[in-house]
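Since the structure comes first, as structure tokens, the remarks are kept for the end.
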Amino acid sequence: MNDSKNSASSKPKLRVSSRPQGAEIFRGGTFTGKVTPHEFSGANFVSGAYSVQMEGYRFEPQECTVNPAPGTINIRFTGNPTELALTVASTPPGAEIFRGGAFTGKVTPHEFKGDHFVAGSYYVQKEGFRFEPQEIEVNSLSENTKITFKGFPVR
């Protein structure tokens, strides 16, 4: 007895997903031409070491070796930013950014990345405006962070 529903579901499939989505999928170090999420099936599902890449992210696991077998194999890669950043923004833009009472030499919007991020108390100044909040304390980064100051005209 041939149950097409069962035989269809027993065909080898590989589902590759990532967080964030849109990572390029590689097999044996060669780009497959596909991005996550994607399902390989039939002749497109080939044994090998699968990995994903996306600029600005490092993925875990780094690589997963799979062989076609009946059913569906799911691989999920989780991306972590390779370099965390603090973005300081203001409305209106162009406000000078201060950290710990000292001018950083930057104006909003600006992204402090990696070694350029320093923990501290941030505030902004622009002639003719007062900003809320007045100051924001940023002690560390565990993810990309954006702080925004809203300016109000001073009369």
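The values are calculated or read from the model by the stated rules, or taken from the named source; none is laboratory data. Just so you know, these numbers come straight off a predicted model, no measurement behind them. No Cβ is skipped: glycine too gets one built from the backbone with ideal geometry, and neighbour counts run over all protein chains shown. Side chains are part of the model used for accessible areas, which takes the heavy atoms of the whole protein and leaves out ligands, DNA and RNA. Shrake-Rupley method; radii C 1.70, N 1.55, O 1.52, S 1.80 Å.
State which residue is farthest from the chain's Cα centre (by Cα) when the search covers only the range 95-108 and only residues that are over 11 Å from Y122 (Cα atoms) and part of a strand (DSSP E or B).
Only one residue tops the list, namely G105.
Checking the condition more than 30 Å from K13 (Cβ to Cβ) and touching a His at 6+ places or on another chain (Cβ under 6 Å), which residue from V138, V88 passes?
V88
Can you give me the number of residues within the range 118-155 that are open to solvent by 40 Å² or more (accessible area, probe 1.4 Å), of a type outside the set (G, A, S) and either assigned to a strand (DSSP E or B) or within 19 Å of A102 (Cα to Cα) (or both)?
19
Give the residue, chosen from E83, E111, that is acidic (D, E), in contact with a helix residue (DSSP H, G or I) (Cβ under 8 Å, 6 or more places away or on another chain), at pLDDT below 95 and open to solvent by 40 Å² or more (accessible area, probe 1.4 Å).
Result: E83 is the single residue among E83, E111 that is acidic (D, E), in contact with a helix residue (DSSP H, G or I) (Cβ under 8 Å, 6 or more places away or on another chain), at pLDDT below 95 and open to solvent by 40 Å² or more (accessible area, probe 1.4 Å).
If V52 meets every condition in (1) open to solvent by 90 Å² or more (accessible area, probe 1.4 Å); (2) under 27 Å from V35 (Cβ atoms) apart from one, which number is that one?
(1) is the only condition that V52 fails.
Condition first: surrounded by 13 or more Cβ atoms within 10 Å (Cβ to Cβ) and of a type outside the set (S, T, Y). Now tell me which residues in the range 97-108 satisfy that.
Within the range 97-108, I97, F98, R99, K106, V107 qualify.
Given the criteria surrounded by fewer than 13 Cβ atoms within 10 Å (Cβ to Cβ) and within 30 Å of N139 (Cβ to Cβ), does T91 qualify?
The answer is no for T91.
Among the residues of the range 68-88, count how many are among the β-branched types (V, I, T) and closer than 20 Å to S142 by Cβ.
Summing the residues that are among the β-branched types (V, I, T) and closer than 20 Å to S142 by Cβ in the range 68-88 gives 4.
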